[in-house]
Amino acid sequence: MMGFIAEVSLDGATLAFDKKYSYMLPLGYDETSVGCRVMVPFGRANLKKQGIIVSVRESEEEGLKEIISVIDKEPILTPEMIKLAEFMSETVFCTVYDAVHAMLPSGINYKLTDYYSYNPQFSAEGLLNEDEKAVLDYVRQKGEVSFDKIKRDFAVSYESIVSLAEKEAVLKNCTPIRRMNDATEKWLRAAKPFEEAQGVKITPRQREVLNCLYDAGAVSLKELCYFTGATASVVNALIDKGLVIAYEKEVFRTAYRNVKPAIRDEIVLTNEQNAAFTGMKNMLQADKGSVALLHGITGSGKTQVFLKLVDEACDKGKGVIIMVPEIALTPQMINIFSSRYGDKIAVFHSAMSNGQRMDEWKRIRSGKALIAIGTRSAVFAPFSNLGLIIMDEEHEHTYKSEKSPKFHARQIAKFRAQYNGALLCLASATPSLESYTAALSGKYSLFTLKNRYGDAVLPEVVSVDMRAEANKGNKSSISSALCNAIEDVLNDNKQAIVLLNRRGHNTYVSCGKCGYVETCPNCSVSLTYHSANKRLMCHYCGYSKPMDNKCQQCESEHMHFSGMGTQKIAEELSILFPNARILRMDADSTVTRDSYTEYLTDFAKGKYDIMLGTQMVAKGLDFPNVALVGVLGAEKGMYSEDYRSFERTFSLLTQVVGRAGRGATAGKAIIQTLDPDSNIIELATAQDYEAFYNEEIGIRKVTTFPPYCDICTLVAQGTDRECVRQAIDDVFEKIKQLISNEYKDVKTIILGPSPAAIPKMHNKYRYRLIIKCKNNRKFRDMLRGALSVKTYKDTTVSVDINPETTI
């Protein structure tokens with residue numbers, strides 16, 4: 001007999017067991033069930049597992065287990081997103097369901113919850129101990145109850161419940177529970193035709209409310225009470241008399257509400273901008289799936305080009321995704337786009353509540369929103385007709401996920417653009433070397449903006465040798481040149497931005513007598529002193545301890561504070577400029593949900609004179625009143641074993657310098673450094689990306705680093721150092737064996753195995769392999785074979801293709 005068979009990918013599967021499992025679909029379900037989540041029996045014990053249907057076929061095959069239940073009334077994923085999940089599983093070494101979790105807002109996910117109920121057929125209470133009897137009485141009284149509630153209301157261990165289930169005293173039922181419910185609002189409408197309602201005897205106030213409903217058709221209870229002045233009791237009386245019907249209507253929780261009507265002002269482009277827009281508009285209209293790189297200096301007006309492209313896509317009814325690298329940039333982008341497109345925008349970033357993210361996702365899915373704005377997660381916005389993806393500041397490392405699945409948003413955006421025949425626009429003043437190389441080779445279309453928009457000009461940039469400052473007796477972290485420049489800016493009622501890419505007060509604390517350095521017990525790093533809470537803190541695992549002036553090793557009281565962080569610089573600025581209003585922006589000062597928006601709005605309104613911060617103040621922000629940018633410790637990012645360190649330093653300096661002089665006033669930037677002769681500092685001072693690219697690409701070619709190869713890092717980690725070391729050694733030996741035999745044509749350069757740059761993190765030891773390779777299917781197949789070696793207790797081996805850092 002023909003039936004429908006579903007191929008299901010399971011939640012919680014390991015990489016080794018991540019495959020499609022076949023199940024019979026229940027009657028009434030067919031091919032339209034692809035993309036629905038299901039409950040299935042798995043293994044010999046028929047444990048309930050959650051999965052998602054990735055394909056359906058007709059077959060006469062017999063002996064298959066049947067799906068227990070279909071969770072979703074309609075598919076939660078489109079065919080495109082199913083293919084994307086499979087693509088991610090193949091290319092970034094994650095399971096299909098890991099990819100599904102990345103795509104969906106967490107509030108819409110289901111959690112399998114164990115419920116227990118009393119078994120009325122159980123008659124052997126004499127075999128139970130006193131604790132088990134007490135638990136059984138509790139379950140009998142409560143009816144069906146979750147284990148979490150049992151544990152919360154009645155002190156009981158999980159083993160006690162398991163024991164009762166094994167003795168069949170209680171019955172276990174595993175049920176999928178959605179993590180976040182829909183938000184609803186009570187609405188009302190008339191239950192009878194107007195003529196029928198006239199003969200019913202009601203009070204004058206009830207008649208007024210009923211007539212309002214006949215006029216409005218349907219209205220929320222809140223609005224009805226507001227416009228009529230009636231109370232809920234009046235409405236309830238009409239419901240009791242059968243004259244009014246009440247029902248629940250879903251409402252969407254939004255993080256940002258547009259308070260002004262949308263106005264689509266005419267945008268006047270320069271000749272340079274118009275050439276870029278015209279070229280990309282033609283690509284957009286071709287519907288072929290293409291990539292363009294918009295390389296424009298800071299302040300060149302890339303946003304105006306974005307707006308024109310969005311106009312084109314929206315006029316054709318196509319969805320638009322706009323990505324920014326930092327949460328701090330979303331308020332500015334939202335203000336720009338909401339004033340033009342109103343409630344057609346939806347927002348995605350991690351500072352939003354689960355309910356807000358879920359509802360924004362549903363607004364896009366239902367077609368109520370055409371534009372998704374957000375950080376990395378916005379790339380999964382569920383548009384059914386995607387036309388344009390804009391990736392602003394495309395060089396930023398935050399577009400790469402550091403947790404599984406370790407995808408890069410650019411990689412996902414390219415897949416979606418190709419699938420939908422959409423345009424992907426990558427934009428930056430300092431493009432990644434990979435993107436710029438692809439543009440020069442013709443893989444991407446290249447458009448260039450070499451001049452600032454309007455009357456703005458690039459700021460004057462000077463570097464200050466901090467060694468010379470020290471020789472002059474200046475012991476402050478602020479050079480005399482920067483100090484004088486800040487004073488001039490404050491006198492002119494202008495604003496300044498100061499960048500120090502290190503939070504905290506001091507970077508480390510050491511003993512002046514024995515040299516002991518305060519380090520984290522869980523990580524191989526020094527602790528950073530934070531003056532705000534007077535604690536030593538680890539920036540990796542979060543460990544902290546009170547500051548003690550006594551050395552733990554020799555017990556002397558000669559502890560020295562070294563290095564500088566944003567908290568220390570904030571104190572120095574307050575002493576130098578006691579009347580200045582100083583805003584500190586770093587991970588410590590922006591912990592609340594709306595802090596980014598509030599701080600940046602206040603700075604834009606002129607409530608602060610100086611904004612001091614880490615890299616979050618360096619990217620994409622547009623403040624016309626900022627006339628000065630100061631950079632402290634400019635060289636620190638270069639002294640790293642990471643091959644991207646020069647690229648990151650040049651990009652950061654170029655970006656932050658570009659925050660100055662964006663209005664009518666000419667800007668100035670001062671770069672403080674201990675290495676003023678560094679070529680990277682000189683090129684950043686000159687704002688010369690092409691010269692930097694030509695120098696850096698030559699180094700990459702000679703040393704065989706991207707874009708001349710792909711990088712794959714394998715990191716083994718666990719609590720037992722020897723097991724971790726043995727695990728990475730075994731993988732290394734297996735790789736050597738495979739490339740010597742069936743994978744001889746897979747060319748690799750292997751560095752390691754060796755301890756990771758940070759050998760211990762989160763109380764786990766770490767060893768790594770770095771493989772230079774060509775990331776193709778053959779290489780990934782070889783790697784999967786190598787990862788099939790014996791595993792060790794509490795030891796895992798993770799894979800990261802083209803990581804943003806190799807530490």
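The values are calculated or read from the model by the stated rules, or taken from the named source; none is laboratory data. Just so we're clear, the structure is a prediction, and the values are computed from it rather than from any experiment. When we count neighbours, we look across all protein chains shown, and the Cβ atoms used for this are built from the backbone with ideal geometry, even at glycine. All accessible areas refer to the heavy atoms of the entire protein, side chains included, with ligands and DNA or RNA removed. Shrake-Rupley method; radii C 1.70, N 1.55, O 1.52, S 1.80 Å.
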Quiz item: Accessible area per residue, 1.4 Å probe, Å², for the chain: what's the number?
Solution: 46 Å²
Quiz prompt | Computed [θ] at 222 nm, helices only, for the chain once each DSSP H run of length n ≥ 4 contributes -39500 (n - 2.57) | solution = -10000 deg cm²/dmol
Quiz prompt | Links that overshoot a 28 Å alpha carbon limit, given the list Lys406/Lys736; Lys318/Lys774; Lys65/Lys133 | solution = Lys318/Lys774; Lys65/Lys133
Quiz item: Tell me, what is the percent relative contact order of the chain, built from C-alpha pairs under 8 Å that lie six or more residues apart?
Solution: 9 percent
Quiz prompt | ³J(HN,Hα), Karplus 6.51/-1.76/1.60, whole Hz, each residue of the stretch 104-111, x for Gly, Pro | solution = 9, x, 4, x, 8, 6, 10, 10
Practice problem: Using amide H atoms built 1.01 Å from N in the peptide plane, name the residues 5+ places from Ala669, or on other chains, whose amide H lies under 5 Å from its own. | Solution: Glu460, Val461, Val462, Val629
Exercise. Please sort by residue number the trypsin sites (Lys or Arg not before Pro) in the stretch 275-304 whose DSSP state is loop and whose Cβ has at most 14 other Cβ atoms within 10 Å.
Key: Lys288
Quiz item: Computed FRET efficiency, Cβ-Cβ of Asn776 and Thr448, R0 35 Å: what is it to the nearest 0.05?
Solution: 0.65
Quiz prompt | Fully extended contour minus Cα-Cα distance, from Lys20 to Asn763, at 0.36 nm per residue | solution = 263.9 nm
Quiz prompt | Whole-Hz couplings from phi, Karplus 6.51/-1.76/1.60, listed for the stretch 509-520; x for Gly and Pro | solution = 10, 9, 8, x, 8, 10, x, 4, 10, 5, 10, 6
Quiz item: Say the cut-off is 22 Å between C-alpha atoms; which of Lys414/Lys701; Lys83/Lys778; Lys48/Lys73 go over it?
Solution: Lys414/Lys701
Quiz item: Using a probe of 1.4 angstrom, how much of the accessible area of the chain is carbon and sulfur, in percent?
Solution: 49 percent
Practice problem: Using a cut-off of 15 Å between beta-carbons, work out the net charge of the residues near Glu557 (Lys and Arg +1, Asp and Glu -1, Glu557 not included). | Solution: -1
Exercise. Would you mind calculating the relative contact order of the stretch 466-611 from Cα pairs under 8 angstrom and at least 6 residues apart, reporting the percent as a whole number?
Key: 25 percent
Quiz item: In nm, to one decimal, how far is the Lys747 label point from the Thr203 one, both placed 7 Å along Cα→Cβ?
Solution: 8.8 nm
Self-check item: With at most 16 other Cβ atoms within 10 Å, longest stretch of the chain clear of loop GluC sites (Glu not before Pro) (DSSP)
Solution: 403-554
Quiz item: Rounded to the nearest 5, what is the percent of antiparallel bridges among the DSSP beta bridges in the stretch 311-411?
Solution: 5 percent
Quiz item: Which residues' amide hydrogens lie under 5 Å from the amide hydrogen of Thr795, considering only partners 5 or more residues apart or on another chain, with H built in the peptide plane?
Solution: none
Exercise. Compute the separation of the alpha-carbon centres of the stretch 558-628 and the stretch 338-408 and state it in Å as a whole number.
Key: 28 Å
Practice problem: Among the lysines, select those whose C-alpha is under 19 Å from the C-alpha of Lys534, and discard any that sit fewer than 8 residues away in the same chain. | Solution: Lys545, Lys550, Lys568
Exercise. Please work out which option in [x] 76, 69, 63; [y] 116, 78, 66; [z] 90, 73, 62 gives Cα extents along the principal axes in Å calculated from these coordinates, and answer with its label.
Key: [z]
Exercise. Scan the stretch 594-641 for chymotrypsin sites (Phe, Trp or Tyr not before Pro) in coil per DSSP, keeping those whose Cβ has at most 11 other Cβ atoms within 10 Å, and list them by number.
Key: Tyr639
Quiz item: If you look for lysine pairs in the stretch 157-309 that are eight or more places apart or on different chains, how many of them have Cα atoms under 30 Å apart?
Solution: 24
Quiz item: Based on DSSP, what percent of beta bridges with both residues in the chain are antiparallel, to the nearest 5?
Solution: 60 percent
Quiz prompt | FRET efficiency for Ala481 and Ser640, using Cβ-Cβ distance with R0 set to 22 Å, rounded to 0.05 | solution = 0.20
Exercise. Would you grab the residues whose amide H sits under 5 Å from the one on Gly296? Only those 5+ places off in sequence or on another chain, please, with H modelled 1.01 Å from N.
Key: Ser428, Ala429, Leu449
Quiz item: Karplus couplings for the stretch 355-367 from phi (6.51 cos²θ - 1.76 cosθ + 1.60, θ = phi - 60°), rounded to Hz, Gly and Pro as x?
Solution: x, 5, 5, 5, 6, 5, 4, 5, 5, 5, 4, 7, x
Quiz item: In the stretch 221-295, what is the volume of the convex hull around the alpha carbon atoms, normalised per residue and reported in Å³?
Solution: 233 Å³
Quiz item: What net charge do the residues around Pro79 carry, taking every other residue with its C-beta under 12 Å from that of Pro79, with Lys and Arg at +1 and Asp and Glu at -1?
Solution: -2
